[in-house]
Amino acid sequence: MTWSVLKFGGSSVADANLWKTIQREVQVKLDQGHQPFLVLSALKNVSNLLEALLHQALAGVHIKAIFQLKELHLRFAAELGVNGETALQSYFDDLTDFCDEIYRQQTVTPKQHAQVLACGELFSTVIGASYLQNQGINVFWMDCRAHLIAHNNRDLDEWHHYTSNQCDYSEPLDAKQMGCQSDQVVITQGFIAADEFGDTVLLGREGSDTSASYFAAKLRANQLEIWTDVPGVFSINPRDISEARQLSVMSYRQAELFSQSGAKVLHPRAMAPVKEFSIPVRVKSTRLPENPGTYIYLDDCAASVMGIAIEESVTWIRANHLSQTTVEQLLALGFDRIELDLSNANQCLLLYRHTEKHQPEDDQLSQKYGVMLESCYTLITLLGSTHDGQWIEDVKAHMSSQWKERTLACFTNKELGIMSILVNPNCSAEITQQLHRGLIEENELSNEFGLSWSSIVSES
């Protein structure tokens, strides 16, 4: 029997009505002779509540917050006909112990940060497994930390070790190793893993996609399905521009670049494992399960410009000689590097991700590290054809004539088919709308796009 890995995001997992869709998709896979392997995120917004809980624990006011979090999960479990009190009590006891320790120590270590945030996925998978079991499906609940082990990367600082680690996926995994039977549906957690010492680590916010990809690779699965609240990958975030067009197909390479550039539908690290083992990926919506979504495999989307991604609150660093040591010191403060080839070793783009500390002042960092450092910019990245770079020249000419005074920097790589434009945030929305309208909405010659988001919504 071959494995089929399905990842369900927080919006899907948190809606009791959508569990009928999840159950139906599991049954479809079983009927097709596949063994389903489900990777679940925490309920929508629970990770944010757990981050807030860390600060409430410091102040010693966490008991009420934990009670409210427990009530939220018990109400949801009841909607699914699950006795949450029995299923979840031990996990909430652990959460209370974690918070009590934070209050006693009066500090939140990266290790404690990971322990607390991991609870969200443990809660959701326990409820989900109980629901499917009640529906007559033979379920095997698994703690993913037994099989996803983070790299022993000694270059990682403590914050990134515990909150944004990566795992080895080369060693195969089978049912016998997991302890499950061939007729069981496996349910496990996204976002979390363990290090070599057994400590809980996280894979970065929204890292459940990567968890699913790791497991697909280790299981040598025949497919990976990522189920979210939008039907596939769109040319731009449809919540920002309703005329965003659905992408029918794209390659692993394009999906990885798009997510690294700021597109939120997939995690940036999710493509490498499935690409290595040539496992096809389909991105679909639990709200519109009949929509085919986006198919990700080997072939590029051939549109001149296929998508635009936005990254906000970007920090731009420049120096006459920007050393790798300086960059690593900044990363250790809680910055993440935007992984784009800027074709200039003396500058880089960072995002501040540390949720336990305020971002240091620009002037303070500039003086300390001897660099020019400016924050709060917006990066607009266009992804297009690698065969014909004329689109890059056309966009350059347009930006020069229309937005020259607002363009701070422009980075291009024709070999990758990518162009990134750094602008002030007060004009980013207008620039983005203009570029999307001219390059994608009005491109009637391209058959690489599906329907617009507005059309899909109106037809549903």
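The values are calculated or read from the model by the stated rules, or taken from the named source; none is laboratory data. Quick caveat, the model's predicted, so the values are computed rather than measured. Positions of Cβ are backbone-derived with ideal geometry, glycine not excepted, and every protein chain shown enters the neighbour counts.
So which residues in the range 292-314 are farther than 22 Å from LYS414 by Cβ and in contact with a helix residue (DSSP H, G or I) (Cβ under 6 Å, 6 or more places away or on another chain), if there are any at all?
Scanning the range 292-314 gives a single hit, ILE296.
Test of understanding: among ASP94, ASP100, which residue is surrounded by fewer than 17 Cβ atoms within 10 Å (Cβ to Cβ) and over 25 Å from ASN134 (Cβ atoms)?
One residue alone meets the criteria, ASP100.
On the given criteria, is ALA87 assigned to a helix (DSSP H, G or I), surrounded by fewer than 22 Cβ atoms within 10 Å (Cβ to Cβ), in contact (Cβ under 8 Å) with a residue 40 or more places away in the chain and aliphatic (A, V, I, L, M)?
So ALA87 fits the description; yes.
If the requirement is being surrounded by fewer than 19 Cβ atoms within 10 Å (Cβ to Cβ), among the hydroxyl-bearing types (Ser, Thr, Tyr) and at pLDDT 95 or above, which of these qualifies: SER343, SER323, SER278, SER285?
Exactly one residue qualifies, and that residue is SER278.
List pairs: first residue in the range 246-271 and more than 11 Å from ILE236 (Cα to Cα) and in contact (Cβ under 8 Å) with a residue 24 or more places away in the chain, second residue of a type in the set (S, T, N, Q) and part of a helix (DSSP H, G or I) anywhere in the structure, Cβ distance under 6 angstrom, at least six positions apart or on different chains.
Note: pairs meeting the criteria are LEU266/SER259; HIS267/THR210; PRO268/SER259; PRO268/GLN260; ARG269/THR210; ALA270/THR210; ALA270/SER213.
Here are the criteria: (1) at pLDDT below 95; (2) more than 17 Å from the chain's Cα centre (by Cα); (3) surrounded by 22 or more Cβ atoms within 10 Å (Cβ to Cβ). Tell me which single one ILE187 does not satisfy.
It fails just one condition, (1).
Filter the range 237-264 down to the residues that are surrounded by fewer than 24 Cβ atoms within 10 Å (Cβ to Cβ) and over 23 Å from GLU415 (Cβ atoms) and list them by number.
Correct list: ASN237, PRO238, ARG239, ASP240, ILE241, SER242, GLU243, GLN246, SER248, LYS264.
Taking the range 6-39 only, how many residues are within 17 Å of PRO289 (Cβ to Cβ), in contact (Cβ under 8 Å) with a residue 60 or more places away in the chain and outside any loop (DSSP other than H, G, I, E, B)?
Summing the residues that are within 17 Å of PRO289 (Cβ to Cβ), in contact (Cβ under 8 Å) with a residue 60 or more places away in the chain and outside any loop (DSSP other than H, G, I, E, B) in the range 6-39 gives 20.
Return the pair list, or none, for Cβ contacts closer than 6 Å from residues in the range 390-413 that are within 24 Å of ALA345 (Cα to Cα) to residues that are modelled with pLDDT of 90 or more and assigned to a helix (DSSP H, G or I), at least 6 apart or on different chains.
Short answer, once both residue conditions are applied: ARG406/CYS427; THR407/MET399; THR412/ILE392.
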